[in-house]
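The values are calculated or read from the model by the stated rules, or taken from the named source; none is laboratory data. As the structure is a computational prediction, the values presented were derived from the model and not from experiment. Please note: Cβ atoms are built from the backbone with ideal geometry, for glycine as well, and neighbour counts cover all protein chains shown. The accessibility values were calculated without ligands, DNA or RNA, using every heavy atom of the protein model including side chains. Shrake-Rupley method; radii C 1.70, N 1.55, O 1.52, S 1.80 Å.
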Amino acid sequence: MNAPTEHVIPAGPILTHADLAAARREAAATGRKVVEVLEDQFSLAADECTRALAEVLRMPLLPMQQLHDLVPAFDLLPFREAAQHECIALRDAAGNMMVAIGDPFALDLQAWAQERLAVPFRFQLAHRNDIAALLARAEEGMRAMDGVVSSDTAGPDDGRRVEDLSLKAISEHTS
């Protein structure tokens, strides 16, 4: 007598193109972002959803740990613009440029970044909360520098004007 054969279902991708299409329709109907709909529909943790999305879209993934290993390129994409567009330009140790985005469906953001940055770069997918955390950390660093500049200039006024050269101040001025 033959033993029954076990049917092993191969593990497929967590998200499929059909899932993306359904999420796009729901996002359009509800006014939400596609990535938010996907996280809710599949009850995935942030990193799992981002990993699955990167896989189905065949887009390079940038996990939180790697984000912290890279250097923000605020000289190419100022902090204020990065925060406004919920993305961040980064350099790796070899000087390669990338732009971390949290919403791969925001085609207007991608078009803006391609037009805005005058250097070659590649888009990388990161969770939007990870990008926000990295921007918050950078802002804290800028505020700390503002505090150092303020404490250095808190002495008696000797008639000389000290200019505030923080990254935030630089990004707010066009000249």
Lone qualifier among 134, 107, 117, 125 - being surrounded by fewer than 17 Cβ atoms within 10 Å (Cβ to Cβ) and in contact (Cβ under 8 Å) with a residue 40 or more places away in the chain: 117
Are there any pairs, at least 6 apart or on different chains, whose C-beta atoms fall under 8 Å, with the first in region 1-28 and in a helix (DSSP H, G or I) and modelled with pLDDT of 50 or more and the second of a type in the set (Lys, Arg) and open to solvent by 50 Å² or more (accessible area, probe 1.4 Å), and if so, which? 26/32; 27/33
Number of positions in region 22-36 that are open to solvent by less than 40 Å² (accessible area, probe 1.4 Å) and out of contact with any Lys or Arg (no Cβ under 8 Å at 6 or more places or on another chain): 2
State all residues of region 68-85 that are in contact (Cβ under 8 Å) with a residue 40 or more places away in the chain, more than 12 Å from the chain's Cα centre (by Cα) and either surrounded by fewer than 19 Cβ atoms within 10 Å (Cβ to Cβ) or not in a helix (DSSP H, G or I) (or both); if no residue qualifies, say none. 74, 76, 77, 78, 80, 81
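Go through region 41-67 and give me each residue that's assigned to a helix (DSSP H, G or I) and open to solvent by 80 Å² or more (accessible area, probe 1.4 Å).
At the first step, the residues of region 41-67 found to be assigned to a helix (DSSP H, G or I) are 41-42, 46-57, 64-67.
Result: 41, 47, 51, 55, 65, 66.
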